[in-house]
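Here's the structure, in structure tokens; my notes come after.
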Amino acid sequence: MENILFVIRENWLPVSIAAIVLVGLLVATRRWISGPIQWTIELAIYAAMFHVVVHYVVRVARWFNLNSQMTWRDQDRVDSGWATPLVQFWDRTLYSPEWIVYVELGMVLLMVFMMYRIRPMKTQKAAPKRETP
């Protein structure tokens, strides 16, 4: 975040011009662009909620694995080292076991598919009311 703020402070004029042009484009094309923007924000919220759930499930599983071992002494227990990063989710080296990354990516792809099938980007017209017999 500090690097981004540093670049913005150093190049404030081109960044402000680009922001004005981008806002102008968004306002001019809001009819076509508002659906995909809302769809992307919704997907990001779903993915973040799933990531938080996976993080705490892995923490509980690690605790349970450590405390359910049949050794009497704490120093004889073997810690599995299971962990997922809560904030730096893009760093694959912080995931242990490594396959958790692929589970999360698979769920995001499933979310995209389900949002495409269940919640289309276009606003649907309501069917006309039928006369009751």
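The values are calculated or read from the model by the stated rules, or taken from the named source; none is laboratory data. In this text the structure is predicted, and so the values were computed from the model without any measurement. Glycine also receives a Cβ, built like all others from the backbone with ideal geometry; neighbour counts cover every protein chain displayed.
In table form, for the structure just shown:
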| quantity | calculated |
| --- | --- |
| Residue, surrounded by the most Cβ atoms within 10 Å (Cβ to Cβ), within the range 59-85, restricted to residues that are of a type in the set (S, T, N, Q) and in contact with a Leu (Cβ under 9 Å, 6 or more places away or on another chain) | 84 |
| Residues of the range 72-110 that turn out to be hydroxyl-bearing (Ser, Thr, Tyr) and under 15 Å from the mean Cα position of the chain (by Cα), as a count | 2 |
| Number of positions in the range 1-15 that are over 28 Å from the mean Cα position of the chain (by Cα) and more than 25 Å from residue 88 (Cβ to Cβ) | 5 |
| Some residue of the range 114-132 being touching a residue at least 60 places away in the same chain (Cβ under 8 Å), basic (Lys, Arg) and either outside any helix (DSSP H, G or I) or more than 23 Å from residue 35 (Cβ to Cβ) (or both) | yes |
| Filter result (surrounded by fewer than 11 Cβ atoms within 10 Å (Cβ to Cβ), of a type in the set (Phe, Trp, Tyr) and closer than 30 Å to residue 113 by Cα) within the range 1-40 | 32 |
| Looking only at the range 107-130, and only at residues there that are exposed (fewer than 11 other Cβ atoms within 10 Å of the Cβ) and modelled with pLDDT of 80 or more, the one that is farthest from residue 54 (Cα to Cα) | 130 |
| Residue within the range 57-69 that is in a helix (DSSP H, G or I), in contact (Cβ under 8 Å) with a residue 60 or more places away in the chain and hydrophobic (A, V, I, L, M, F, W, C) present | no |
| Subset of the range 3-56 [of a type in the set (S, T, N, Q) and assigned to a helix (DSSP H, G or I)] | 3, 16, 34, 38, 40 |
